[in-house]
Amino acid sequence: MKMKLFVISFLLVSLLLTSSMADGDDFCEAKCTERCSKAGRQDRCLKYCNICCEKCHCVPSGTYGHKDECPCYRDMKNSKGDPKCP
């Protein structure tokens with residue numbers, strides 16, 4: 001009986017974790033598509049936006065600026081010390 005309860009609990013937790021991770025991917029994809037919609041280099045913009053979104057769980061509104069809405073996103077720097085996130 002304890003083994004069945006453990007297996008059922010494990011499956012429920014796995015299902016919840018899988019669905020929450022999928023929602024995070026959808027969140028970042030939607031937010032970064034909007035953020036990069038006017039970028040001259042959309043491929044590069046989407047790449048770095050998604051990296052920043054996955055780490056910070058936040059993307060500023062609009063296509064430019066508003067980085068104060070997401071301090072983590074705003075403060076990420078590349079190896080040269082320049083802003084990493086578009």
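The values are calculated or read from the model by the stated rules, or taken from the named source; none is laboratory data. Note that this is a predicted model, so its numbers are computed, not measured. FYI the Cβ positions are ideal-geometry reconstructions off the backbone, even for glycines, and counts take in every protein chain you see. Heads up: the accessible areas ignore ligands, DNA and RNA and are worked out on the full protein's heavy atoms, side chains in. Shrake-Rupley method; radii C 1.70, N 1.55, O 1.52, S 1.80 Å.
I'd like the full set of residues that are among the hydrophobic types (A, V, I, L, M, F, W, C), crowded, with 18+ Cβ neighbours inside 10 Å and either in contact with a strand residue (DSSP E or B) (Cβ under 8 Å, 6 or more places away or on another chain) or in contact (Cβ under 8 Å) with a residue 40 or more places away in the chain (or both), limited to the stretch 32-56.
CYS36, CYS45
Would you mention how many residues in the stretch 57-86 are of a type in the set (Lys, Arg) and open to solvent by less than 100 Å² (accessible area, probe 1.4 Å)? Talk me through it step by step, then tell me what you get.
In the first step, residues of the stretch 57-86 are kept if they are of a type in the set (Lys, Arg); the result is 67, 74, 77, 80, 84.
Keeping just the survivors that are open to solvent by less than 100 Å² (accessible area, probe 1.4 Å) gives 67, 74, 84.
Matching residues across the stretch 57-86 total 3.
In the stretch 57-68, which residues are closer than 12 Å to CYS32 by Cβ and within 11 Å of the chain's Cα centre (by Cα)?
CYS58, VAL59
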